[in-house]
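Below you'll find the structure, written out as structure tokens, and then a few comments.
Derivation of every value follows stated rules applied to the coordinates shown; laboratory data play no part. Being a predicted model, the structure only gives us computed values, none of them experimental. Cβ: placed from backbone, ideal geometry, glycine included. Neighbour counts: every protein chain shown.
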């Protein structure tokens, strides 16, 4: 029990520090870049309150001082547009006066597409895209190496619609900042460092906190109470209290994300799709659980229930929700670039659940009971 409390506290601590380095590129459109990096890769996430294509690139930091790339500052670009369903289409590009037009896809000039992974979505008022690439790709035709120790100067474009046109953007600008410290460097045309209260969007932070506690802690613990403590009357009522609290958290978290997206239910990325399905399943299983509580058939009160009795179906559905919630949380962590520490703590928590459940199931299979007493499979009456 103490270990579980320790894990819960660690989860809450990480939630309270759930932020990554980010700066505002353009205040008019709330265009924000966030990033995280490892020894070999770097991930950027860009989002803003607009609907159209956009591009983000960085200038060469290790080119010869007298080179055209250094003097003119043409960037290594990643451009994204979105189809009618809001799905991103991403291009690895380069800008150079050697080409006409100056912006070319790397693969069209003998280079390579070095975007390792990407994703995102576009709604009616909001666009988001993230991508991962190597710090050093080895593509001398279409990429510049990224030096974490050097000041990072970027150029960005925001389009009027989803037809890429670098000659007539809605907005464009440059910014300089340090990738390691996140501090803005003088010389850019905009951007500022988020203060402590701005580092994480408060709506996203509350959504993440409520949903993580509901699906990562409360629902699994409620399932544990229903399966292993239901020979005690207080265990069954504890199941009801815990799952009701989880449902309240889920409702508030769902309302918060609807407010963030102006009342529109996003279904254009894996996390949103899984979230909508999961929320619908939770409400359905909750209603069915109320039905099971008042179900008084002979089959339910007998010592051996049918595999298709209402309470058994309710139990199976609850376990499916627990597994689906893991996938939903993982896609959310990936999409919004959660800190590695948060992911590690969450993984430890899930592993702990499986170890405890597995140990109890093994003990029950060999001894027909769980430690501390026999646990019947039927509901108490």
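Observations on the model:
- Neighbour counts of other Cβ atoms within 10 Å put 203, 247, 323 in the fewest-to-most order 323, 203, 247.
- Global size of region 21-193: 14.9, 45 Å for Rg and Dmax (C-alpha atoms, Rg to one decimal, Dmax whole).
- Ranked for footprinting exposure by Cβ neighbours inside 10 Å, fewest first, 227, 134 give 134, 227.
- In this structure, residue 283 and residue 327 have a Cβ-Cβ separation that, at R0 = 22 Å, corresponds to a calculated FRET efficiency of about 0.75.
- Ranked list, fewest to most other Cβ atoms within 10 Å of each Cβ, for 139, 92, 145: 145, 139, 92
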